[in-house]
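To keep things clear, I will list the structure first and then write my remarks on it.
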Amino acid sequence: MRKEITLQVNDNYIKQLRQGYPLIHKEAVKPIRALPEEGAVVRLVDSNNRFLARGYYGEQNKGIGWVLTYHESEQIDSKLFQTKIFTAINKRQGFFQSEDTNAFRVFNGEGDGVGGLTIDYFAGYYLINWYSQGIYSFKNDVLQALDVLGNYHAIYEKKRFHTKGKYLEDDDFVKGERGEFPIIVKENGIHFAVYLNDGAMTGIFLDQRDVRKVIRDTYAKGKDVLNTFSYTGAFSVAAALGGAEQTTSVDLAKRSKPRTIEQFSVNGIDFDQHKIVIMDVFDYFKYARRKQLQYDLVIVDPPSFARSKKRTFSAAKDYPALLTDVISITRNHGIIVASTNNASFGMKKFKGFIKQACQKMHVTYKILQQFQLPSDFQTNEQFIQSDYLKVCIIQIQQNK
Ligand code: SAH
């Protein structure tokens, strides 16, 4: 049996907890004398010792754990994990049965009832992300649930927490038949090369699926496309398949070039017809202005924070300035796909950034479409941070 410790919730947190807010903040509970072990079961009570919820202890960013149940009779055991994972998988039946998509999120943390845990599916392979030592201690329960379902080639994992002591260099393999990487997955008929054995990045961000599709189907045809912060060039591939005249992918990471070539190649596209530039995006903007390069479609999807030799970029602070650069190299009537995964601000503020940048550049604009997380990235309504993705497709018009 796991150790269960009782924590008393401060009065000012009780209401939101009762409403379903899943994260246990350090300040939400009375100070603890000895820190519980990672993975300990925590029983949350009010000042009259009345049961509120039960969860697990696991340090992750600002939290010390996650609520898993509001039922006093429900224990934190394999049955609970099995129920949550089966429920999540049932919700994704449409994806499992899809003919043209076989890469998607099966379990999305607190959105599916277990904060700190995500599970992705890549053409028969499961990839588990563990965000704390605490949730990692439930590994057997999670594996058991996946084993009951069976029918997979292999399970891989990423430990996204600090491992104390020596960290055994491994290839993240857990069980099954080792894959030969890259494996090729399908997404709305687009192919992507994916690595599950090569560090934190797999080669594709599954949450942008709908955006890639709309770029291919609606915005790319005949266009000269610039994809900034291009990573493995997934948006460029979508644009090329949608009939773009040419794509230019810009990223400062050197591995970006072979990985982008690979993504074009697995789709039968001649990568020589496209440009792949290894450069700081901010330098590229200057270069493009100097050369008077203009694009019909510019995709901008920066990381929330980035530090390069020359500067640090923070989306919450620097997004408007980034957009002014983008506008400066976008043709009149051109389209900008502006995206951010920064959880610290919402869509309203993001649209404010767009307005600010357009005013500064004296252009008028129309937001043609907007996207948030796709349906497999289930979110928890009480925990708005989990709804992090914001994408606006904007058309700009220069005022003559
Ligand atoms: N848009 C991509 C994902 C971007 S991930 C996609 O949908 O697949 C963020 C990328 O930004 C990383 O590949 C990182 O190398 C790159 N990056 C970070 N700072 C940069 C900078 N200043 N200039 C160019 N690339 C940068």
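Values quoted throughout were computed directly from the atomic coordinates according to the rules given, and no laboratory measurement underlies them. Nothing here was measured: the structure is a model prediction, and the numbers come from that model. Every residue, glycine as well, gets a Cβ built from its backbone with ideal geometry; the counts of neighbours run over all protein chains shown.
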Inset, instruction - When you have a sec, figure out the Kirkwood radius of the stretch 133-233 from all distinct Cα pair distances and drop it here in Å to one decimal? - result: 16.6
Legend entry - Label-point separation, Leu149 to Lys360 (7 Å along Cα→Cβ), nm: 4.4
Legend entry - the stretch 297-350 - convex hull of alpha carbons, volume per residue in Å³: 87
Legend entry - DSSP-loop GluC sites (Glu not before Pro) across the stretch 177-260, with at most 15 other Cβ within 10 angstrom: Glu177, Glu180, Glu245
Legend entry - Signed unit charges on C-beta, dipole axis of the chain, positive-most listed residue Gln382, Thr6, Gly109: Gln382
Inset, instruction - Could you check which residue among Asp387, Asp318, Asp112 shows the biggest mean-square fluctuation in a GNM of the chain with a 10 Å Cα cutoff? - result: Asp318
Legend entry - Tail beyond 26 Å, pair distance distribution of the stretch 268-400 (Cα, percent): 28
Inset, instruction - Name the residue, out of Ser47, Ser256, Ser328, whose mean-square fluctuation peaks in a Gaussian network model built on the chain with Cα pairs under 10 Å. - result: Ser47
Inset, instruction - Could you work out the mean projected area of the convex hull around the alpha carbons of the stretch 82-123, in square nanometres to one decimal? - result: 2.8
Legend entry - Descending semi-axes in whole angstrom, ellipsoid equivalent of the stretch 4-69, from the Cα gyration tensor: 16, 13, 11
Inset, instruction - Could you tell me what percent of the DSSP beta bridges with both partners in the stretch 205-399 are antiparallel, to the nearest 5? - result: 50
Legend entry - DSSP-defined beta bridges in the stretch 4-69 - what % are antiparallel, rounded to 5: 75
Inset, instruction - Determine the dipole magnitude for the stretch 205-399: charges of +1 sit on the beta-carbon of Lys and Arg, -1 on that of Asp and Glu, nothing else is charged, the reference point is the Cα centre, and the result goes in debye to the nearest 20. - result: 720
Inset, instruction - Would you mind telling me which residue in Asn188, Asn140, Asn342 has the biggest mean-square fluctuation in a Gaussian network model of the chain, where springs connect alpha carbons within a distance under 10 angstrom? - result: Asn140
Inset, instruction - Pull up the DSSP beta bridges for the chain and report the antiparallel fraction as a percent, rounded to 5. - result: 65
Legend entry - For the chain: span of alpha carbons on each principal axis (Å, largest first): 69, 48, 40
